[in-house]
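*Asks:* Pasting a structure below so you can have a look.
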Amino acid sequence: MNTQRSRIRQITQNLSIPSLTNNFLNRANYTNIYQLRNVQILANQSRNGVRLIGRDLINQNVEFEARRLQMYSRKLINSATYYIWSFFLTQSERNQFINLANNANNINQSRILNSPIDNTVTLDLIARITTPQNIDNPLGNNFLNGTNFIDNNDIESSFLPAGFV
């Protein structure tokens with residue numbers, strides 16, 4: 001942990017980092033920030049169709065750490081996420097977060113593909129509508145309630161061939 005802190009201090013000294021972000025980066029517990037979360041929990045949290053990327057996962061961890069340190073600020077979180085993702089993480093650590101995000105996205109995609117929309121109940125209920133719609137216009141009445149082929153007084157009965165009336 002001390003070697004990691006000294007590495008972070010070296011990096012932050014070489015960069016022009018805003019003071020609040022620098023303060024956060026010096027106080028943060030990187031074990032919390034680098035923690036990989038459960039893929040199933042991530043998939044459940046992002047079910048609304050949003051595709052996750054590895055940087056989003058770091059952003060969530062930075063947000064949790066900012067809340068823990070009582071330093072919550074969206075600007076701080078975005079800034080710290082940028083520096084951590086771009087300068088502090090190694091390529092293999094980035095790949096772990098990218099793979100975790102891809103796995104969560106794959107779980108959500110397979111949920112969508114494996115759960116077809118079953119609208120048979122809705123169609124059955126529509127077919128059972130028996131309440132006639134009261135319309136003053138004969139065209140609207142025939143459209144909403146269907147044409148009555150049994151009543152010979154309707155104009156439609158004169159157009160139909162014999163046997164259909």
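*Asks:* In the list F88, F97, which residue meets the criterion of being among the aromatic types (F, W, Y) and either under 22 Å from the mean Cα position of the chain (by Cα) or at pLDDT below 80 (or both)?
*Replies:* F97
*Asks:* On to the next question. Take the residues in the range 40-59 that are of a type outside the set (S, T, N, Q) and modelled with pLDDT of 90 or more, then tell me which one is farthest from N105 (Cα to Cα).
*Replies:* Only one residue fits best here, namely I58.
*Asks:* Pairs under 7 Å by beta carbon, first residue under 19 Å from Q96 (Cα atoms) and hydroxyl-bearing (S, T, Y) in the range 43-71, partner modelled with pLDDT under 90 and surrounded by 14 or more Cβ atoms within 10 Å (Cβ to Cβ), six or more apart or different chains?
*Replies:* Within 7 Å, the pairs are S46/N108.
*Asks:* Spot the failing condition for V121; the list is (1) at pLDDT 95 or above; (2) of a type in the set (A, V, I, L, M, F, W, C); (3) over 22 Å from N44 (Cβ atoms), and only one is missed.
*Replies:* Among (1) at pLDDT 95 or above; (2) of a type in the set (A, V, I, L, M, F, W, C); (3) over 22 Å from N44 (Cβ atoms), the lone unmet condition for V121 is (1).
*Asks:* Would you tally the residues in the range 49-79 being among the polar types (S, T, N, Q) and farther than 16 Å from N38 by Cα?
*Replies:* Looking only at the range 49-79, we keep the residues that are among the polar types (S, T, N, Q), and these are 59-61, 70, 73, 78-79.
In the following step, the residues that additionally are farther than 16 Å from N38 by Cα were identified as 70, 73, 78-79.
The number of residues fulfilling the criteria is 4.
*Asks:* Then there is this: For the range 124-165, which positions are of a type in the set (G, A, S) and modelled with pLDDT under 70?
*Replies:* Within the range 124-165, G146, S157, S158, A162, G163 qualify.
*Asks:* Report yes if N29 is surrounded by 15 or more Cβ atoms within 10 Å (Cβ to Cβ), over 15 Å from L100 (Cα atoms) and at pLDDT below 95, otherwise no.
*Replies:* So N29 fails the test.
The values are calculated or read from the model by the stated rules, or taken from the named source; none is laboratory data. Computed from a predicted model, the values in this text were never measured in an experiment. Positions of Cβ are backbone-derived with ideal geometry, glycine not excepted, and every protein chain shown enters the neighbour counts.
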